[in-house]
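Before we start, here is the structure in question, set down as structure tokens.
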Amino acid sequence: MQRLVGIIAIALICTSGFGARKYGMAGCGLGSYVIDPEGGGVVQAFAATTNGTAATKFFGIVSGTSNCVPDEGDKKAELQEKFIRHNLSSLAKEITQGEGETLAAFTEALGCSAAVAPAVRMELKSNAQTILAAPGGMAVLESIKGTLKSRPEIGQNCQYLS
């Protein structure tokens, strides 16, 4: 019995990093269809066991099925992270200037409408010192998002700030 509890606990720990999307703590896979994603720990243990026993999580991730497909927000967040990694130095320069092609492209990656783009550039320029003081690209990205979300007129017009 203790061994079973240990196996279930390990399964939950290994799968809990996937967050709650269309599935619960157990992650994607056949268990996400069969077992209620809103269920608690014991219920999710059954879902994790179902995912692991039949290797449906592995199959789902490889094939992009069984709720193992990233949603649009995840795709946009990944795009933003790649953008920051590859363009941080030019983006930082353009943020301090308040204009430039890299900044314009980044504004689009944040899902900001053309109508709010000038306000985005000015907000980033006026907060450049604080934003760019963040240690590393991902911290800069989070600082940018936080700055823009703090202004409702901008935050409501940029789809991918979450």
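Only the coordinates and a few stated rules stand behind these numbers; no lab work does. On a predicted model such as this, the values are computed, not experimentally measured, just so you know. When we count neighbours, we look across all protein chains shown, and the Cβ atoms used for this are built from the backbone with ideal geometry, even at glycine.
So residue 134 fits all but one of (1) in a helix (DSSP H, G or I); (2) touching a helix residue (DSSP H, G or I) at 6+ places or on another chain (Cβ under 7 Å); (3) surrounded by fewer than 20 Cβ atoms within 10 Å (Cβ to Cβ); what number is the exception?
(1)
Which of the residues belonging to region 143-162 are in contact with a Cys (Cβ under 9 Å, 6 or more places away or on another chain) and part of a helix (DSSP H, G or I)?
The initial filter retains those residues of region 143-162 that are in contact with a Cys (Cβ under 9 Å, 6 or more places away or on another chain), namely 145, 148-149, 154, 157-161.
Selection gives 145, 148, 149, 154.
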